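Step one of this worksheet: look at the structure below.
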Amino acid sequence: GTLTGVTTAMEYKRDIAGTWLGITGASVTGLSPDTYYVRTKATSMAFASEVQSVTVVAFVPTSEAIPAAEIDYAAEQLTGLTASGSYTINGTQVVTATADGKLAIDSSWLGTSLNIVKKGNSSTTLDSAAQTVSIPSRPAAPTGVAATDET
């Protein structure tokens, strides 16, 4: 956490029982979640000011949005993914979507269900919930097709 809007003429302390510490710049960084008290320092001509309490809350990262992949059968791709986004397929395979949010369908995925999870960045976002996409099997080759020699 960070205290902002402070000056070197101020001091702060963590919690009501803390020790007053001088501020050396325009902010105080690296603070843990808690209540902090800030006041103007006493000088040879003035008392310390009244205190202002400021609460630094714990940051709770949000989850990435559930993927919205759709199958493009003609191109054999999944579409609708985040551009250049990182995904986990079935909990183990890590893949990256193209710059236009597409992912080639691997032949091993045919006839299976995929659990697709958008990976979080481990600081401000967490992994998404899984989207399940059923990839149908490839149809059998046509039968009864014949050729006639050119005459």
Can you tell me which of Ser84, Ser134, Ser122 is assigned to a strand (DSSP E or B) and small (Gly, Ala, Ser)?
Ser134
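Please specify each residue of the stretch 19-40 satisfying the condition of being assigned to a loop (DSSP other than H, G, I, E, B) and either touching an Asp or Glu at 6+ places or on another chain (Cβ under 9 Å) or under 21 Å from Val60 (Cβ atoms) (or both). Steps first, please.
The initial filter retains those residues of the stretch 19-40 that are assigned to a loop (DSSP other than H, G, I, E, B), namely 19-20, 23-26, 29-33.
Scanning the stretch 19-40 gives Trp20, Ile23, Thr29, Gly30, Leu31, Ser32, Pro33.
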Looking at (1) among the small types (Gly, Ala, Ser); (2) farther than 11 Å from Pro67 by Cα; (3) in contact (Cβ under 8 Å) with a residue 60 or more places away in the chain, which is the one condition that is false for Ala97?
(3)
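Of everything in the stretch 90-112, what is among the acidic types (Asp, Glu) and surrounded by fewer than 13 Cβ atoms within 10 Å (Cβ to Cβ)? Give them in sequence order. Give the steps one after another, and end with the answer.
Taking the stretch 90-112 first, the residues among the acidic types (Asp, Glu) are 100, 106.
The answer is Asp100, and nothing else.
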Hey, among Ala99, Ala48, Ala58, Ala42, which residue is over 30 Å from Lys13 (Cβ atoms) and aliphatic (A, V, I, L, M)?
Ala99
Selection count, the stretch 41-58, where residues are in a loop (DSSP other than H, G, I, E, B) and over 25 Å from Ser123 (Cβ atoms):
11
Quick check on my filter: what residues within the stretch 7-23 are surrounded by fewer than 13 Cβ atoms within 10 Å (Cβ to Cβ) and within 33 Å of the chain's Cα centre (by Cα)?
Asp15
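Read the figures in this text as sums done on the coordinates, not as results from a lab. In this text the structure is predicted, and so the values were computed from the model without any measurement. Note that we place each Cβ from the backbone using ideal geometry, even for glycine, and neighbour counts take in every protein chain shown.
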